[in-house]
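Just so it is clear, none of the values below were taken in a lab; they were calculated from the coordinates. Given the structure is predicted, the values throughout are model-derived calculations rather than measurements. Glycine also receives a Cβ, built like all others from the backbone with ideal geometry; neighbour counts cover every protein chain displayed.
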Amino acid sequence: MTTLKVLGSAAGGGFPQWNCNCTNCDGVRRGAVSAMPRTQSSIALTENGLDWLLVNASPDILAQIRATPALQPARQRRDTGIASVLLMDAQIDHVTGLLMLRENSRRLPLYATAPVLADLSEALPLSRVLSHYCGLEPHPLPLDGKPLRIAPLQRATVTPVPLDSKAPPYSPNRQAPRRGDNIGLRVVDTATGRRVFYAPGLGHVTAELMEELRGADIVLVDGTFWTDDEMLRQGLSNKTAAEMGHLALSGAGGMVEVLDALPASRKILIHINNTNPILDERSPQRRHLSARGIEVAWDGMEIAL
């Protein structure tokens, strides 16, 4: 059986964010808000509980490893359960954890689309930096819709699905998106037939993507913002959720409406921004989700396929 482990469930900056004193961050520090602290989003997949495919390398990866002993199985003097890494995009909160893995004893197998590998070679040259340490072994992910087998997984297949979103702010293609700047991931356990669709960054749901979502037993998708103008109203940014490449949860055509239309047995939100009221377990917004059977991911959550 394939197990999906949520290592981190927050958006960039984590929760509470280090420099933020919004209602949520200030409240959780003072114990005035009923909310769990969260690290920046990442998941890992395993079939044997020892060897893992890491999906996104969060800046919080060292804390996530400490919180997940199976990622450090101690089979030898120097060891790691992380057999390979797959990147969904080139966003800083999904890639800079690679630097924390620089003491790896061999080149780190890295699976990503050609646009993401290009950004990590040029605009944010992590591949060049890491060549002076463990080094990366790049594997371009094809976008032809065919299932892939990526070690250490043997029964489970993964299929990259191009998404309508944005390249990172540092990318020269921020305003000229390329196919593959951002992907979702279909994971199928071939023994059980169960299927999960994972997309922590999602700006728009096309008709094709809706069909993908309808075919999933479990959806684990972008829950970054409650409203499109969330950051504007709190005076924390001059950009809307859509301008940052995220589909807001509420409102007509929002993520909640999308999830309501799906037959999936589990509907889970991940990549939650520190400003989002759903982090407060007693908030009306959280009750709104619960009434619809929509879950909010938390660090350490496990999902069996």
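Note on the range 153-263: dipole from Cβ charges, positive end direction compared against Gly215, Ser171, Leu202; the farthest Cα belongs to Ser171.
Cysteines of the chain lacking any other cysteine Cβ under 4.7 Å from their own Cβ: Cys22, Cys134. Under a model in which nothing but the beta-carbon of Lys, Arg (+1) and Asp, Glu (-1) is charged, the chain shows a dipole of about 680 debye around its Cα centre.
Taking the fewest neighbouring Cβ atoms within 10 Å as the starting point, the ordered list for Lys146, Lys239 is Lys146, Lys239. The relative contact order of the range 96-168 comes to 30 percent, based on Cα pairs under 8 Å that sit 6 or more residues apart. Listed by Cβ neighbour count within 10 Å, with the fewest neighbours leading, Tyr198, Tyr170, Tyr133 appear as Tyr170, Tyr133, Tyr198.
For the range 1-150, the fraction of alpha-carbon pairs lying more than 20 Å apart is 52 percent, rounded to a whole number.
Of the residues Ser42, Ser250, Ser105, the one with the fewest other Cβ atoms within 10 Å heads the list, and the complete ranking is Ser105, Ser250, Ser42.
The distance separating the Cα centre of the range 239-305 from that of the range 134-187 comes to 23 Å. Full extension of the chain segment joining Arg282 with Asn48 gains 80.6 nm, where the gain is 0.36 nm per residue of separation less the Cα-Cα distance. Computed per residue of the chain from DSSP H runs no shorter than four, each worth -39500 (n - 2.57), the mean residue ellipticity at 222 nm is -4500 deg cm²/dmol. FRET efficiency for the Gln154 to Asp260 pair, using the beta carbon distance and R₀ = 51 Å, is estimated at 0.90.
Note on the chain: dipole from Cβ charges, positive end direction compared against Leu62, Leu120, Ser250; the farthest Cα belongs to Leu62.
For the pair Asn21/Ala67, report the inter-label distance in nm, with labels modelled 7 Å from Cα in the Cβ direction. Going by the 7 Å Cα→Cβ label model, 2.6 nm. Mean-square fluctuations from a GNM of the chain, with a 10 angstrom spring cutoff on Cα atoms, peak among Val187, Val95, Val129 at Val129. Think of the range 1-136 as a dipole: +1 on every Lys or Arg Cβ, -1 on every Asp or Glu Cβ, centred on the Cα centre; then among Gly49, Gln76, Gln91, Gln76 lies furthest on the positive end. Taking Thr190, Thr275, Thr227 as the candidate residues, the one with maximal mean-square fluctuation in a Gaussian network model of the chain, Cα springs under 10 Å, is Thr190.
Loop-resident trypsin sites (Lys or Arg not before Pro) (DSSP state other than H, G, I, E or B) in the range 101-159 with no more than 16 further Cβ atoms inside 10 Å of their Cβ: Arg102, Arg106, Arg107, Arg149, Arg155.
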